[in-house]
1. Which chymotrypsin sites (Phe, Trp or Tyr not before Pro) in the range 1-93 sit in a loop by DSSP (not H, G, I, E or B) and have at most 15 other Cβ atoms within 10 Å of their own Cβ?
2. If Lys and Arg each add +1 and Asp and Glu each add -1, what is the summed charge of the other residues whose beta carbon sits under 10 Å from the beta carbon of F24?
3. Say the dipole of the range 195-250 comes from +1 at the beta carbon of Lys and Arg and -1 at that of Asp and Glu; which of Q234, F223, Q211 then lies farthest toward its positive end?
4. Once you treat every alpha carbon in the chain as an equal point and sum by Debye, what is log10 I(q)/I(0) at q = 0.10, 0.16 Å⁻¹?
5. Taking only Cα atoms of the range 159-246, what ratio of Rg to Rh do you get with Rh as the Kirkwood inverse-distance radius?
6. Ignoring ligands, DNA and RNA, please state the percent of accessible area on the range 30-149 from carbon and sulfur, probe 1.4 Å.
7. About its Cα centre, what dipole magnitude does the range 112-281 give when the only charges are +1 on Lys and Arg Cβ and -1 on Asp and Glu Cβ, stated in debye to the nearest 20?
8. Find, among the chymotrypsin sites (Phe, Trp or Tyr not before Pro) in the range 170-224, those assigned to loop by DSSP (not H, G, I, E, B) with at most 12 other beta-carbon atoms within 10 angstrom.
Amino acid sequence: MTPEQYVQEKAAKSGSSFYYAFLFLPPPQRAAITAFYAFCREVDDVVDEVSDPGVAATKLAWWNKEVASSFAGQPSHPAMKALMPHVKDYGIEASHLHAVIEGCRMDLEQSRYLDFAGLRRYCHLVAGEVGEVAANVFGRTSDKTVEYAHRLGLAMQLTNIIRDVGDDARRGRIYLPVSELQQFDVKAHEILNRQAPFGYSERFTALMKFQAERAHRFYDEAFALLPDADRATQKPGLMMANIYRTLLREIESDNFQVLHQRTSLTPLRKLWIAMKTNWRGR
């Protein structure tokens with residue numbers, strides 16, 4: 001299997017909303033973003049699939065060395081071998097990859113965030129930096145587009161957090177800021193237990209509405225930041241945004257039943273949203 005086949009298989013297997021946006025890109029850009037996405041999945045899987053934190057930390061340290069070696073001209077992992085031919089053309093820097101690894105390392109060291117400022121720092125690393133790389137690959141002419149990409153990455157990561165409250169609780173993690181749990185009088189054990197009557201209280205619903213309203217605000221801010229000159233090239237990002245925002249609205253319409261289930265959109269619906277965004281350009 002070639003490195004290119006490896007990253008393509010990695011991306012396709014994930015079933016991610018990102019994959020549907022990639023389908024509309026010209027081959028060189030599709031190859032670059034697919035390789036970068038495969039790298040992100042590899043690093044993220046270390047945290048999600050390795051049960052021993054010490055082993056996971058060792059693996060992340062290996063990835064930091066692999067990034068440094070790759071940018072020195074000696075990649076060894078297929079994801080890096082697939083990515084490196086594209087880094088110069090699309091302004092992908094080692095710092096972008098190290099930031100993603102750092103964000104995943106945070107998952108090993110903390111399972112709570114005291115306030116939104118701390119959570120936002122985490123989102124910047126695991127989503128904002130990813131958004132910046134994606135915007136570079138898609139094509140941009142303005143620094144405003146970088147701001148748009150970071151704001152959109154934040155909105156999408158907050159959507160992930162809302163969707164995954166139950167899944168994260170099973171791993172002992174709560175990404176909802178402690179200060180906001182206190183604000184709405186929701187106790188950590190109510191989320192970690194994921195059981196009625198503690199879970200789906202009016203307090204929990206109010207907390208989740210607060211989270212969703214903030215995510216919507218960041219989507220609106222991101223769209224307002226995107227310059228008209230870059231709107232056509234950034235359509236893949238808009239496809240992802242529309243898929244994620246549709247997911248958020250589904251969760252809202254289901255009254256935030258996220259503790260015992262993981263809401264998702266069907267592949268056909270994701271493809272339809274991507275196609276519709278491609279036609280409409282927004």
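The values are calculated or read from the model by the stated rules, or taken from the named source; none is laboratory data. As the structure is a computational prediction, the values presented were derived from the model and not from experiment. Ideal geometry is used to build each Cβ from the backbone, glycine not excepted, and the neighbour counts take in all protein chains shown. In case anyone asks, the SASA skips ligands and DNA or RNA and just uses the protein heavy atoms, side chains included. Shrake-Rupley method; radii C 1.70, N 1.55, O 1.52, S 1.80 Å.
1. F24
2. Combined, the nearby Lys, Arg, Asp and Glu give +2.
3. Q211
4. The computed values of log10 I(q)/I(0) come out as -0.52, -1.34.
5. Ratio of gyration radius to Kirkwood radius: 1.10.
6. Summing carbon and sulfur atoms, their accessible area is 50 percent of the total for the range 30-149.
7. Value, rounded to 20: 400 debye.
8. Qualifying residues, ordered by number: none.
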